[in-house]
Amino acid sequence: MSNDRVQYKSKPGNLNLSVPNKFDVSNLRSEEMIVNLGPQHPSTHGVLRLEVLMDGEIVKEVVPHIGYLHRCFEKHAENLPYNQVIPFVDRLDYVASMNNEHAYAMGVERMLGISDQMPKRVEYVRVLVAELNRIASHFIAIGTYGMDIGAFTPFFWLMRDREHILRLLEWASGARLLYNYIWIGGLFYDLPVGFEDRCREFVHYIRPKLLELETLLIENKIFVERTANVGVLPLDLAINCGVTGPVLRGSGLRYDLRKVDGYSVYPEIDFDVPIGEGKMGEVGDCWDRTHVRVLEIHESLKIIEQCLDQLTGTHKRTRDFDPQAFIPKKIRPKAQDLYVRAEIPKGELGFFFRADGKSDIPFRCKCRSCSFVNLSVLPEIAKGILVADLIAIIGSIDVVMGEVDR
Amino acid sequence: MLTFDQILTIVKESCAQAPPAVDEESTPKAVRIDKLDLLHVARSLQQNPTTYFDMLSCVTGIDNGPDAATMEVAYNLYSIPFNQHLMIKVVLPRDKPEIESLSNLWKTADWHEREIFDMYGIFFLNHPDLRRILMPADWVGHPLRKDYKHQEYYRDIKVEY
């Protein structure tokens, strides 16, 4: 092979240029050691690298090293027109793309001032697909969490049930995971004919499965022993760290942006916000966070049923309904700054936009991702625990590295 | 729940350097303050029992380009008990971008400020651990600056693809 085809030349000095660790061997106390966890490890949920300072099996300090999956989302967004950013938005939290698109489209619509002209049917379809995707995301969170701490069967059962959701969404949008379905000012397509009936069948199918899940995993004695009283996140620390989503609600605060901000058609829909109550241990432990996710699936099913009622009743499919009717021909918001936030399965997804009013490319598009902020709480609650509990805590926070690194 | 004008009065009381300016062109309404007042204003907004902004949702760095020669940092504050939202903006000179860190008040600010340092090269004074967070530690330059030119090679890997 000729020399110019070699992509990467290894030099001994390269490793010293970017110091991979924060801690140094020279200032460790006796019995202490630095253990590297990840980035290629199944229990770190992607490419998360943890530098763990340990004394025997006790974790003294955890330093997360992130950025292995950095794909320059913000740089891309500042070089592309608003509508072309949506496929990149899909790839932030790639197991809940619909929710990301919903948040992004809502932000741009608010900048354009067209958010209150949206047809109700469009909004109900958006909420319907977003809640379906929320269930799929929680299935992954619970399934992989069970697998992290040794329960293998729930993962397969949940993947099987998630497949039904992915097939429904594939039917609607044409893609399994990265949909590009919710557009600024409308939808890619209306729902396919017969979608509502299939969706109702799915709701009937999934309810008993959730009860199975609770007996199989959530109330399982081994699972409870591994998660109750582990990684307790006190509420004041959670708020101070900016934690949102099931992690915050697991700590006992009834704070859901679907209720608080009441965006889209959520104010017209009746649902509850479950919180962690410390049934198996202290409030805010890993078990509470997982249990909140299970309860949220039940609430999402309620929302889906109400959306289906609306979509087959008051706002039912008509021949002349065009989901692309309100898509603006030119997306050029006037000069302004706007911060928009929405509840995605992991927490608060926020977008900060600055439009200069002269181009259809955002001057600044910052993504406030919830996994990034939720992960930053890990060093706070992982002090003085056993290393096996560290794995349990990472799984219970439910980070998606695509969103952490953006 | 206070109105925006009442919050503005509270901000005004804790500004020593320059009176705050209101930015009408942003959603939510934003207050522009001097960078030396930031720590004081933030502390009073967090600890005043009538405002109680207990959650720092987002910290954004903005580069206005070499022509404007300014950078900005925007803070999005939320008050959970009062359901209140406020944006604070601070303008910094581009040749010496330095601002006080808020990570002592809100722990969220820690990683957000590291990211802004990484992407814009804005220095946060008194930050506990100001390292790059997304880019490798030996990366040259701050990628989201408007005049950023990437290096040709990174560890003998061609950057241009």
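Derivation of every value follows stated rules applied to the coordinates shown; laboratory data play no part. Note that the structure is a prediction, hence the values are computed from the model and not measured. Glycine gets a Cβ as well: all are built from the backbone with ideal geometry, and neighbour counts include every protein chain shown.
I'd like to know if the stretch A:297-305 contains one or more residues that are over 30 Å from A:PRO119 (Cβ atoms), away from every other protein chain (no Cβ under 14 Å) and buried (at least 21 other Cβ atoms within 10 Å of the Cβ). No, the stretch A:297-305 contains no residue that is over 30 Å from A:PRO119 (Cβ atoms), away from every other protein chain (no Cβ under 14 Å) and buried (at least 21 other Cβ atoms within 10 Å of the Cβ).
Only a single item in (1) among the basic types (Lys, Arg); (2) within 12 Å of chain B (Cβ to nearest Cβ); (3) more than 20 Å from the chain's Cα centre (by Cα) is not met by A:ARG368, and it is number (3).
With the condition kept exactly as written, say whether any residue in the stretch A:358-377 is under 21 Å from B:LYS146 (Cα atoms), among the aromatic types (Phe, Trp, Tyr) and surrounded by fewer than 21 Cβ atoms within 10 Å (Cβ to Cβ). Before you say what the answer is, go through the steps one by one.
Taking the stretch A:358-377 and keeping what is under 21 Å from B:LYS146 (Cα atoms), we get A:358-368.
In the following step, the residues that additionally are among the aromatic types (Phe, Trp, Tyr) were identified as A:363.
Filter once more, keeping what is surrounded by fewer than 21 Cβ atoms within 10 Å (Cβ to Cβ): A:363.
Yes.
Test A:PHE156 against the criterion of being surrounded by fewer than 24 Cβ atoms within 10 Å (Cβ to Cβ) and within 26 Å of A:HIS70 (Cβ to Cβ), and give yes or no.
Here the answer is no, as A:PHE156 does not meet what is asked.
Of the strands (runs of 3 or more DSSP E) contained entirely in the stretch B:1-64, those carrying at least 2 residues that are surrounded by fewer than 19 Cβ atoms within 10 Å (Cβ to Cβ) and within 14 Å of another protein chain (Cβ to nearest Cβ) fall at B:21-23. If you go through the stretch A:180-202 and pick out every residue that is assigned to a helix (DSSP H, G or I) and surrounded by fewer than 16 Cβ atoms within 10 Å (Cβ to Cβ), you end up with 4. Once the stretch B:65-90 is narrowed to residues that are surrounded by fewer than 16 Cβ atoms within 10 Å (Cβ to Cβ), at negative phi and of a type in the set (A, V, I, L, M), the residue that is farthest from the other protein chains (Cβ to nearest Cβ) is B:ALA68. Selection over the stretch B:139-150 of residues that are in contact (Cβ under 8 Å) with a residue 12 or more places away in the chain and more than 21 Å from B:ASP95 (Cβ to Cβ) gives a count of 1. Among the residues of the stretch A:287-329, those identified as aliphatic (A, V, I, L, M), over 30 Å from A:GLY395 (Cα atoms) and not in a loop (DSSP other than H, G, I, E, B) are A:LEU308, A:LEU311. Every test in (1) away from chain B (no Cβ under 12 Å); (2) touching a residue at least 60 places away in the same chain (Cβ under 8 Å); (3) assigned to a loop (DSSP other than H, G, I, E, B) is passed by A:PRO362 save one, and that test is (1).
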